[in-house]
Amino acid sequence: MESQEEKPIIYTMENKPIVTCAGDQGLFTSLYTSLAQQLPREPMEWRRTYGRAPKMIHLEANFVQFKEELLPKEGNKALLTFPFLHIYWTDCCDTEVYKGTVKEDVMRWQNSLRVHGSVDWVIIVVETNDTKKKNKTNILPRASIVDKIRSDFCNKQNDRCVVLSDPLKDSSRSQESWNSLLLKLRTLLLMSFTKNLGRFEDDMRTLREKRTQPGWSFCEYFMVQEELAFVFEMLQQFEDALVQYDELDALFTQYVLNFGAGDTANWLSSFCAPVTNWSGLLLRRPIDMEKRDGIQRGEASLLDLRSYLFSRQCTLLIFLQRPWEVTQRALELLHNCVQELRLLEVSVLEGALDCWVFLSCLEVLHRIEGCCDEVQLASNCSHTVGLWAYATDKLKSLGEHCGLVSEKGPTSEDLNRTVDLLAGLGDERPETVNSLQSPYKKLKEALSSVEAFERHYLELSHAAMEMYRAIGRLRSARLVGKSLAEFYMRKGDPEKAENFLQEALKSYVSEGWSLPVTHTRKQIAACQKLLGRTEDYLQTSALLAGDANLTTEERTHSCQEILTFAAKSGEDCQKVTLSMGVFSQLTRLQFHPATASVHSGAVLQVELTLRCLMPVSVHIQQVAASIHFDLDHGRLKALQRQTNPGTVEFNHGSSSAGPPSSSASGPALELDEIHDRSPSDNSLNSTGVVCKNTHLIMRRHESSSPPDTPNCVSPAVAMKEGAQMLKVQDVTLEPGDNRITFTAPSGQPGTYTLRQLCATVGQVQFVLPHIYPSVQYEVYSQEPQLTVEPLSEPLLAGLPQMVKFTLLTGHYTVKKGDALQLSNTDTMPILPSSSCSARISNPAGELLSESVLSIQSSEKVTSISLPPTPPYHTLEFQLEVLCIIPSGYDRPANERLTNGEVRHRPRSYSHPDTPMTAIDQRMSIDCPWSIYSTLLALTFYIPFKTKHSLLSAGNRKYIQVCVQNVSDVNFTLAEVKLTEKQHESLELQSLTTKAQQLLCSKHSVFCLWEVNWKDDLPSCLQCVFSANFSLTNQDVSSLKPFHYQFQLERVTTLYSVRAEILPPAGEQYCRSGLLCGLEVCITRLTEPAEGEIAEESKTDSDGLKTTKLMYEVADSSSNWAVCGKSSGMVSMPMTADATHKVQIEVMPLFAGHLPFPKIKVLKYLPHTAAVAIQPDPDSCVENDSLSLLDKTLDDQGDTASIRSRGSVHSVGSADQQQKGVAMPRLEPFGPGQAFNHSHARQVLVLPSSDDHIMEVNAT
Amino acid sequence: MAVCISVIAKENYPLYIRSVPTQNELKFHYTVHTSLDVVEEKISAVGKSLGDQRELYLGLLYPTEDYKVYGYVTNSKVKFVIVVDSSNTSLRDNEIRSMFRKLHNSFTDVMCNPFHNPGDTIQSKVFDGIVSGMMVTAG
């Protein structure tokens, strides 16, 4: 056993389960080779206890000669040296020999086995042909030897004796027997494993359960369980072996944790000893016997135990082809060890752990590199990079510890520390002595000099960074870079540091990590200061000064840096331009007046609100805003006047350190409406909505561009000189909001856009390159404008109405003596008023003054003297005007106004919104600012509609006038009168008795006059209806006249028509169904008048003047059946009392009081007469011009009653027809010309005598 | 017991970050920021394999000598990162998970607040209270 341990079997880990061989050694030796070869050839299934999964296992064995010492003594836990199977070899075939020697030998062998309690044995009897031949002489069959052995030794286990036939021959029989032997051996071996390992595990568990007992030692237990691990490893069961180590690991960890929780195990004290050796992991040996011995002796330190445990785990993991788990576990281990040493309060020399970790990291990396190719390594950076970074970190802290990072180099104290650290490393291990790149050599070298340290540190850093980059862990890479930058800064090499810092900063800024931003920026500031980059430094300082994460002192310091520079004078120092955003933010811009639109020359103030981010108040020599000027073009003007807000809020999402605004919300949509108007007539072509800031909104999506990072100002930032500027000198900006008021230039009309803002502090300029959203104000120049509008709607014609004149002076100054000249018109006189006052108000609508207006009226012109009014003010005054209601018929001749313009006749028309007839009144006003007259229109509404009609009763004539109030107000009518203009003899007798009449809204008043004449009734009457009216609630003094002229023609009754129905002969009454006679008697009443003769008569051959009439009997209600001729022509002599009688037969169809059938009498005009009618051209125009007015009257009126003008109308139209075809035609008489006496008469009709037929009409 | 708890927006800027006052705040900011590397790595790795049925808890992002950094990502890609002191070994994975769950619940409450503008930093006192609770006692 001793000799076994001395052998290097454990080192190589190539040991196999031990199988002892007793008996015929010569025989065994001859078979050994093939046995050793064939045994592992086929796998066996190993069924496990405790429910562990069965495994296929290739069995190998180390066959050794049986010695009694090999058998384990009582209490020996060594498993590795445990003989799992004992074989007794014999080829004895001779019973004598068997009985003589072999049996005894076997017996002895068996006894010694039994003494040690080993039951795993087998006896192999080898049979050869030679022996067979030998046996031929023998009587005993060879089988009997086997039987004998079986009966002697294997009393119940016949399988413990195996026969191997002709092992050295190449025959199927030999192969068969080999196979069965191998199978047997494998089975037995596995049985032995199961049994012995099971027993071992039970023992081990028992031992583990005792761990709470005093005196229990982890190290002892460690050795036991490791033995099991060894066996598994020996059986190539690395997984199981690893489990053993992991269990040990967990157990130990738990103890350490319990220690931390106050539960101390005695044995742990040995691990709490101060660490004296920090030589790092050693992974090049399968088993580090040195450390193992230490553990066995209970002298190992915590680092030793951990190192050893890890080296074993590492070995197994590599066997298992899981190198990446090694790196992961290594990192955990290293972190864990550091924690555990802290937890156990083990005293460690400062820096020693760093050494240990550094060496260990590199050792693990080397080990991994040793078992993987480059491609594998490159693709698994993510597993190794942690170790690289950790090693870098540790080396850096070692460098700092040993004074290798400073500019000056290590001090003697640093050197002492270095020596102490190096001492703990011990000597280099023999494995790596020859390796040039061993971790040990690296560390020693790195700690030996500043240069070597730098070289190693840079190498590691870059390696780590590159790996991080390669796997896309950019943040980690930047952090390493930042750490490198810190190193460079300490080395006094800011140039190299800057890039790393900037890169890191960019990443923090873009992701909005304010604290790292501040910290990195501080470092950058230091770096830039060293580099002498004044502008950048000042910019960074400005950012720091406004950084809320810093203390006031730090901010003040940064601010002071800027101010100090700014205060420098002299030509040598150039002006420095910095971004405004870091210094102060433009938060709001306000225009006074708020419309941001003034007339040229007016005062416009712009108030800026600047939020100063500096911690102290800063005196600024000048704040200037540059302006871009655009000449106004009219179209734009109207649009912008609406959209310009008085106050513009500038939305700063955040300061540079806050969360990036882009990610939070992004810029708001700025929408604007656009109108595209045609340039010629200003009509709308198209309209739409545009987004004004698409460039900003779209940009956010395309890339993750960092939000406003005013870290560095682009060189393009510069104030444009020469442009117009808003300037304010000497402003002190206090921290927080400051208001600065500018007076904006407003000389030229146009659009002014604020472009840039610049604050100058000594040599430093803070520039805001773009003011966004864009801010504009507008200066306009306006022509004077005069408008007239009614004070109240609607303006009623006929009554005095107030209208308001509004004069927007625009750029014109109304001087004293300026007057408006209104051309007077008859239809709309201006009513003079004494109390007419003018109000002047400023553009803001505030009343400035009020003065009495002097109005002079001459015949043609009303002159209004205007009070002096400054430009861009509003002058208002009111005038009372009266629109005369046109009386309807007569038409004034064209007249010219004073200014030579043709007077516009007010035209009346019906308005769709109101039943009232509208009249447009135009005013022509001469204004002092223009050589042209201003034309203004007012619309008045006539409140009345008037209708007239002629009524006749035989020869008597009546005139009815109907006045309808179509307005919404009530009137009183007084002094209603009707006069005839031409015939003085004519007397019109009013049948209306009331002096005053109420005319309510939407109601009508009817008036009736009887016409009395003395000599002759003129055929044409020119009538004037006149009345005075006033609003009902006003007194009588305000009565206004209202006239209505009309003409009645053909008033005289020419014919009277009488009809008589004569019952059939012999009957007293008419009977239905019986023919009756209808006698129509037409009588000429008057002598013909001149006009009539010329017009329609013709001279008969006998000299008598006759006219032709046509009569027609028509019964529209089907009461009568006209039999025979229903119409006919009569020739009437044109003398008074000429009578013509016509007999017509009619038959009543019903009984009862039937109305007479209608008898129409029409004028018959032969075709020759047509040419004679020449319509008056005036009346034709009249017809046209008044047609609208007439039409409404006509439509409503009863067609039968009012035809005075209607007849003219029809003549005109008939005339037009006639011009085409000269045909004879019929013309109806005017109302009252033919008087029907029997109109509406009735006659009694009796039912027919035929009684038995009764007709019942049920309707 | 957490030493630092942070909520990070989808766009990787901090919505909330709070650490124990006794220690250097800056260091935690760096740690949490760097941990986003691993969060992203894990999210993309998970995204490929499982699609929408993913586990929100990302587990240990990476250990450092002094701290353990755990990650959790909501379905809307808001990340929670909890930093735990390495010496605090009594914390189990389950406790970390429940911390995250609690944090997520509270975060959801904050988001449900109609006055909270998603994307703004979290100012909620209730949330603050929950975080304080987790920083004082385990789980």
(request) Only residues that are at pLDDT below 75 and either surrounded by 15 or more Cβ atoms within 10 Å (Cβ to Cβ) or in contact with a Pro (Cβ under 6 Å, 6 or more places away or on another chain) (or both): list them for the range A:671-693, please. (result) A:ASN693
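For the range B:89-103, what are the residues that are closer than 19 Å to B:ILE130 by Cβ and within 14 Å of another protein chain (Cβ to nearest Cβ)?
B:LEU91
Under the condition of being touching a residue at least 12 places away in the same chain (Cβ under 8 Å) and touching a helix residue (DSSP H, G or I) at 6+ places or on another chain (Cβ under 6 Å), which residue from the range B:8-18 is farthest from the other protein chains (Cβ to nearest Cβ)? Full working, then the answer.
Residues of the range B:8-18 that are touching a residue at least 12 places away in the same chain (Cβ under 8 Å), as a first pass: B:8-10, B:12, B:14-18.
Narrowing further to those that are touching a helix residue (DSSP H, G or I) at 6+ places or on another chain (Cβ under 6 Å): B:12, B:18.
On the way: B:ASN12: 4, B:ARG18: 12 Å.
That would be B:ARG18.
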(message) Condition (residue is modelled with pLDDT of 80 or more and in a strand (DSSP E or B)) applied to the range A:1063-1073: is it met by at least one residue?
(response) yes
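May I ask you to say which residue of A:LEU866, A:LEU847, A:LEU853 is of a type in the set (A, V, I, L, M), buried (at least 19 other Cβ atoms within 10 Å of the Cβ) and touching a Ser or Thr at 6+ places or on another chain (Cβ under 7 Å)?
On the way: A:LEU866 fails: touching a Ser or Thr at 6+ places or on another chain (Cβ under 7 Å); A:LEU847 fails: buried (at least 19 other Cβ atoms within 10 Å of the Cβ).
A:LEU853 is the lone residue from the list that is of a type in the set (A, V, I, L, M), buried (at least 19 other Cβ atoms within 10 Å of the Cβ) and touching a Ser or Thr at 6+ places or on another chain (Cβ under 7 Å).
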(request) Mind counting the residues in the range A:267-298 that are surrounded by fewer than 17 Cβ atoms within 10 Å (Cβ to Cβ), touching a helix residue (DSSP H, G or I) at 6+ places or on another chain (Cβ under 7 Å) and acidic (Asp, Glu)? (result) 0
(request) For residues that are over 24 Å from A:GLN1047 (Cβ atoms) and either of a type in the set (Ser, Thr, Tyr) or touching a helix residue (DSSP H, G or I) at 6+ places or on another chain (Cβ under 9 Å) (or both), tally how many sit in the range A:962-1017. (result) 6
(request) Assess whether A:LEU586 counts as being over 26 Å from B:VAL32 (Cα atoms) and either surrounded by fewer than 16 Cβ atoms within 10 Å (Cβ to Cβ) or in the same structural domain as A:GLY736 (by TED's automatic domain parsing) (or both). (result) yes
(message) Conditions first: (1) crowded, with 19+ Cβ neighbours inside 10 Å; (2) at pLDDT 80 or above; (3) in a loop (DSSP other than H, G, I, E, B). A:THR825 passes all but one, so which condition is the exception?
(response) (2)
(request) Could you tell me whether A:TYR245 is closer than 30 Å to B:LEU91 by Cβ, crowded, with 17+ Cβ neighbours inside 10 Å and free of Cβ contacts under 8 Å to residues at least 40 places away in the same chain? (result) no
(request) Kindly indicate whether B:TYR62 is in contact (Cβ under 8 Å) with a residue 12 or more places away in the chain, more than 10 Å from chain A (Cβ to nearest Cβ) and not charged (D, E, K, R). (result) no
(request) Residue by residue through the range A:166-195, note down the ones that are open to solvent by 10 Å² or more (accessible area, probe 1.4 Å) and among the polar types (S, T, N, Q). (result) A:SER171, A:SER172, A:GLN175, A:SER177, A:ASN179, A:SER180, A:THR187, A:THR194
(request) Consider A:GLN964 carefully, then state whether it is open to solvent by 30 Å² or more (accessible area, probe 1.4 Å) and at pLDDT below 85. (result) no
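I'm checking my understanding of the structure. Among residues of the range A:469-488 that are in a helix (DSSP H, G or I) and either of a type in the set (Ser, Thr, Tyr) or surrounded by fewer than 21 Cβ atoms within 10 Å (Cβ to Cβ) (or both), which one is nearest to the other protein chains (Cβ to nearest Cβ)?
For the range A:469-488, the residue satisfying everything is A:SER476.
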(message) I'd like the residue in the range A:489-533 that is aromatic (Phe, Trp, Tyr) and within 12 Å of chain B (Cβ to nearest Cβ) and, out of all such residues, is nearest to B:HIS29 (Cα to Cα).
(response) A:TRP513
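So, A:SER30, is that one at pLDDT 80 or above and surrounded by fewer than 20 Cβ atoms within 10 Å (Cβ to Cβ) or not? Before you say what the answer is, go through the steps one by one.
Working: at pLDDT 80 or above: yes; surrounded by fewer than 20 Cβ atoms within 10 Å (Cβ to Cβ): yes.
Taking the combined requirement at face value, the residue satisfies it.
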(request) Taking the options A:VAL881, A:VAL788, A:VAL861, name whichever one is of a type in the set (Val, Ile, Thr) and open to solvent by less than 10 Å² (accessible area, probe 1.4 Å). (result) A:VAL881
(message) Out of the residues in the range A:361-408 meeting the condition of being within 13 Å of another protein chain (Cβ to nearest Cβ) and open to solvent by 50 Å² or more (accessible area, probe 1.4 Å), tell me which one is farthest from A:MET467 (Cα to Cα).
(response) A:ASP393
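Restricting attention to the range B:4-14, which residues are closer than 16 Å to B:PHE127 by Cα and out of contact with any Lys or Arg (no Cβ under 9 Å at 6 or more places or on another chain)? Can you show your working first?
First pass over the range B:4-14, keeping only residues closer than 16 Å to B:PHE127 by Cα: B:4-9, B:14.
B:PRO14, the sole residue that qualifies.
The values are calculated or read from the model by the stated rules, or taken from the named source; none is laboratory data. Source: prediction; values computed, not measured. Note that each Cβ is placed from the backbone with ideal geometry, even for glycine, and that neighbours are counted across all protein chains shown. Heads up: the accessible areas ignore ligands, DNA and RNA and are worked out on the full protein's heavy atoms, side chains in. Shrake-Rupley method; radii C 1.70, N 1.55, O 1.52, S 1.80 Å.
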